[in-house]
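Okay, structure first, notes after.
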Amino acid sequence: MAAGKKGTSSCQSGQTALAARLLERFASEASAEGSNLIFSPLSIHVALALMSAGAAGETLNEILAVAGAPSRDELTEFVAKSVVERVLADRSGVGGLTVAFACGAWTDKRYPLKPAYRDTIVGKFKGTASIVDFRDNPVESRKQINAWVAEATRGLITELLDPNKQSRDTVNVVVNAIYFKGEWRDPFQRENTVDHEFHRLDGSSIDVTFMQSWNYQQIACHDGFKVLKLPYKVMDVDWSSPTFNWKVLQSTPKFAMCVFLPDARDGLHGLIRKMASSPGFLHDHLPVKSVPVGEFRLPRFKLAFGGSIVDDLKSLGLVLPFKPTFEANMTGIIKDDAEGPIYVGDVIHKAVIEVNEEGSVAAAATESDDDMGCSMYDEYVPPTPVDFIAEHPFVFIIIEETSGAIVFAGHVLDPAKEE
């Protein structure tokens with residue numbers, strides 16, 4: 001058991017480190033284009049786990065290094081037990097959050113999957129393994145995958161793959177999708193919503209819709225930035241009911257959106273560099289108590305972001321799986337010897353999120369394509385109210401608090417833009 005706990009801790013630390021590195025990379029690219037950003041570090045981490053199931057040798061070592069996992073077995077166990085069975089388990093039946101996770105493998109009918117690989121997809125990750133005809137019916141095969149993604153994400157992501165842009169030589173496509181819909185534990189009142197000025201990085205400004213509240217909020221003040229934590233409602237609770245199950249409440253995942261707001265209007269890039277400076281930065285700076293607020297405003301926003309992330313993964317050291325030669329050791333996928341080398345042709349990731357007064361809706365899909373402080377006083381001193389006015393670019397993450405998993409992350413440069 002101790003070894004299992006150690007492996008889980010290592011894999012979770014690896015997932016957090018990957019999230020911070022990807023945030024820095026993606027944010028730099030998106031900022032250069034003036035774009036907002038939303039992605040799912042957890043979805044990408046799961047994609048690496050799926051990739052590792054078919055890899056061997058140095059290819060496997062690269063995948064594990066980027067994922068921050070000690071071994072394939074520990075990474076598989078972490079994703080299966082901590083992610084699939086706990087963090088992403090659907091609890092909509094008890095009220096509060098709706099979370100849906102689905103993963104699948106689609107293989108060309110010429111190349112049946114190895115039993116061990118199929119067992120990992122179906123058994124460990126609770127996914128599906130399907131046979132399609134990429135060679136003779138590539139468009140229909142990819143439409144089938146898109147339909148599956150649309151269903152898994154409740155229609156938030158309707159086209160992950162462009163049916164007309166993929167190769168007929170595709171052997172295997174692996175996709176995982178996450179859908180998340182949560183209500184705030186303390187919803188914002190719509191009658192308090194106002195239009196206010198938001199300042200962009202280029203110095204210009206625009207009027208956008210801000211949510212307001214005068215309730216106590218979980219806010220931490222640090223040197224150069226503040227962090228807000230907005231918890232989601234866990235479940236419908238009738239505290240007076242004699243049949244209320246405390247064990248269910250304690251075992252239910254607890255999610256929160258955390259907003260990292262730099263003090264300076266142009267402080268986003270410096271803050272992101274700090275966040276990527278050490279694996280523990282994200283969790284070490286989260287609020288631990290509620291404080292009274294003075295001015296409190298957070299904009300509504302709706303974001304979508306996606307595309308190929310191969311170059312981004314290569315920049316983190318994941319190179320071998322994408323080599324269209326026999327250097328890519330992905331021999332654990334296909335049952336029989338293929339006519340040519342099996343490698344990962346592309347990894348496509350897409351995510352969307354909408355944040356409003358009631359809560360947020362988010363979805364993500366990742367596809368990999370194989371072509372083969374307190375003090376004591378005598379008298380009570382009331383705490384000083386804290387202002388939190390997100391009127392300039394900021395970072396946000398959605399975390400599962402008991403595990404520390406970072407499910408979504410991104411930045412808002414302009415709340416009025418819906419990419």
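The values are calculated or read from the model by the stated rules, or taken from the named source; none is laboratory data. Please read these numbers as outputs of a predicted model, since none were measured by experiment. Here the Cβ positions follow ideal geometry from the backbone for every residue, glycine too, while neighbour counts run over all protein chains shown.
Rundown of residues vs (1) crowded, with 22+ Cβ neighbours inside 10 Å; (2) in a helix (DSSP H, G or I); (3) more than 22 Å from the chain's Cα centre (by Cα), yes/no style:
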{"position": "L48", "(1), (2), (3)": "yes, yes, no"}
{"position": "A65", "(1), (2), (3)": "no, yes, no"}
{"position": "D90", "(1), (2), (3)": "no, no, no"}
{"position": "F101", "(1), (2), (3)": "yes, no, no"}
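Consider L75 against the criteria (1) assigned to a helix (DSSP H, G or I); (2) modelled with pLDDT under 90; (3) closer than 18 Å to P41 by Cα: it satisfies all of them except one. Which criterion is unmet?
(2)
Mind counting the residues in the range 105-141 that are in contact with a Phe, Trp or Tyr (Cβ under 6 Å, 6 or more places away or on another chain) and not in a helix (DSSP H, G or I)?
The number of residues fulfilling the criteria is 3.
Go through the range 286-307 and give me each residue that's within 19 Å of the chain's Cα centre (by Cα) and not small (G, A, S).
Scanning the range 286-307 gives L286, F301, K302, L303, F305.
Only one residue in K302, K323 is touching an Asp or Glu at 6+ places or on another chain (Cβ under 6 Å) and charged (D, E, K, R), so which one is that?
K302
Pairs under 7 Å by beta carbon, first residue assigned by TED's automatic domain parsing to the domain that holds S9 in the range 77-88, partner of a type in the set (D, E), six or more apart or different chains?
From the range 77-88, the pairs are V87/E400.
Can you find a residue in the range 147-160 that is touching a Ser or Thr at 6+ places or on another chain (Cβ under 8 Å), surrounded by 19 or more Cβ atoms within 10 Å (Cβ to Cβ) and in a strand (DSSP E or B)?
Within the range 147-160 (the criterion being touching a Ser or Thr at 6+ places or on another chain (Cβ under 8 Å), surrounded by 19 or more Cβ atoms within 10 Å (Cβ to Cβ) and in a strand (DSSP E or B)), the answer is no, since none of the residues qualifies.
Do you know which residues across the range 224-265 are assigned to a loop (DSSP other than H, G, I, E, B) and modelled with pLDDT of 95 or more?
Residues of the range 224-265 assigned to a loop (DSSP other than H, G, I, E, B): 224, 233-245, 252-254, 263-265.
The answer is G224, D263, A264, R265.
Output the residue which, of all residues in the range 105-129 that are surrounded by 15 or more Cβ atoms within 10 Å (Cβ to Cβ) and in contact with a Gly (Cβ under 8 Å, 6 or more places away or on another chain), is farthest from V83 (Cα to Cα).
K114
Based on what the data block shows, is I397 in contact with a Cys (Cβ under 9 Å, 6 or more places away or on another chain) and modelled with pLDDT of 95 or more?
Yes.
Condition check ((1) surrounded by 22 or more Cβ atoms within 10 Å (Cβ to Cβ); (2) at pLDDT below 90; (3) part of a loop (DSSP other than H, G, I, E, B)) across all residues:
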| position | (1), (2), (3) |
| --- | --- |
| G306 | no, yes, no |
| D312 | no, no, no |
| G317 | no, no, yes |
| E327 | no, yes, yes |
| T331 | no, yes, yes |
| D336 | no, yes, yes |
| P341 | no, yes, yes |
| V344 | yes, yes, no |
| K350 | yes, no, no |
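How many residues are modelled with pLDDT of 95 or more and surrounded by fewer than 13 Cβ atoms within 10 Å (Cβ to Cβ) if we restrict to the range 373-394?
1
Do you know which residues across the range 50-63 are in a loop (DSSP other than H, G, I, E, B) and either more than 19 Å from T8 (Cβ to Cβ) or touching a Gly at 6+ places or on another chain (Cβ under 6 Å) (or both)?
G54, A55, A56
Mind counting the residues in the range 161-208 that are surrounded by 22 or more Cβ atoms within 10 Å (Cβ to Cβ) and of a type in the set (S, T, N, Q)?
The total comes to 3.
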